[in-house]
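This report refers to the structure that appears directly beneath it.
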């Protein structure tokens, strides 16, 4: 995560007004998640958002109306569904992007192929790389977007929400383990690199498969039984309770099965680095509190 003791340490802002134009010009510089300085000569007015989470965070920053295009699966908030699409991970339509004449491209570092990244940088359009690894990182992204659009923190209420929720749920020592299942055939989870672990750490939970080498490792039933997590959380499609969650009930030796700590969670509340992760945090910490209250071995 970027080191940012004060907003003013990373923001260079010099305003001057054109006598015959209502457009506010500015020299702005922020540091993106790749550690690179992104400079604009005027506030961004035409933004291309190359991931669903970036699109959502731009709306959260109050800049939804300035998005001229996004990519597949950008479905939140509802207004995002009406935005023009210019492709996905390996299929960006650069010709369409150029015709839109954006003054800022915001891209997902690991969500765009290396080939597409190279082509984007060759366009000469300012690019901000978004790759938040913590909840604070999401907050910082939204703060940066607002600054690039000429808005202040007072214009973005969600930034205050982040501060309040994170103060309520500080990181704490883990007293229980969690297995988070994202798929069933094959069984998959997320390792300790994923932002979901920042949520777990604030709820007193330790990811049972945090040390796996792959970000989304494949597991066997036996490995989950051996780990015997205290909590099992599973995500399906949207708010549905995935059918594979209750399949664990036949393995009575698993700690989570013994205590009934099997929960379903909308994947967008944990896997998408947006303000909705605060809802996931609140829900998971509630489940963790219930576990501590009902299990004398968990504090």
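Some points to look at:
- Single unsatisfied condition, residue 292 versus (1) modelled with pLDDT under 95; (2) touching a strand residue (DSSP E or B) at 6+ places or on another chain (Cβ under 7 Å); (3) in a helix (DSSP H, G or I): (2)
- Within the range 40-52, tally of residues that are within 22 Å of residue 110 (Cα to Cα) and out of contact with any strand residue (DSSP E or B) (no Cβ under 7 Å at 6 or more places or on another chain): 1
- Unique residue being buried (at least 17 other Cβ atoms within 10 Å of the Cβ), farther than 18 Å from residue 231 by Cα and modelled with pLDDT of 95 or more when the list is 159, 205: 159
- Count of the range 82-95 residues, restricted to those that are surrounded by 12 or more Cβ atoms within 10 Å (Cβ to Cβ), at pLDDT 95 or above and not in a loop (DSSP other than H, G, I, E, B), is 1.
Residue-by-condition table, conditions (1) over 17 Å from residue 190 (Cβ atoms); (2) without any contact (Cβ under 8 Å) to a residue 40 or more places away in the chain; (3) outside the structural domain of residue 191 (by TED's automatic domain parsing):
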| residue | (1), (2), (3) |
| --- | --- |
| 212 | no, yes, no |
| 217 | no, yes, no |
| 220 | no, yes, no |
| 227 | no, no, no |
| 236 | no, yes, no |
| 240 | yes, yes, no |
| 263 | no, yes, no |
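- Residues (crowded, with 21+ Cβ neighbours inside 10 Å, in contact (Cβ under 8 Å) with a residue 40 or more places away in the chain and either part of a helix (DSSP H, G or I) or in contact with a strand residue (DSSP E or B) (Cβ under 7 Å, 6 or more places away or on another chain) (or both)) located in the range 265-277: 277
- Taking the range 217-240 as the range and being modelled with pLDDT of 95 or more and outside any helix (DSSP H, G or I) as the test, the residues that pass are 217, 218, 219, 220, 228, 229, 230, 231, 232, 233, 234, 235.
- Selected residue (criterion: nearest to residue 294 (Cα to Cα)) from residues of the range 211-253 that are within 21 Å of the chain's Cα centre (by Cα) and surrounded by 19 or more Cβ atoms within 10 Å (Cβ to Cβ): 233
The values are calculated or read from the model by the stated rules, or taken from the named source; none is laboratory data. The structure displayed is predicted, hence computed values, not measured ones. For neighbour counting, all protein chains shown are included, and Cβ atoms are generated from backbone atoms with ideal geometry for every residue, glycine included.
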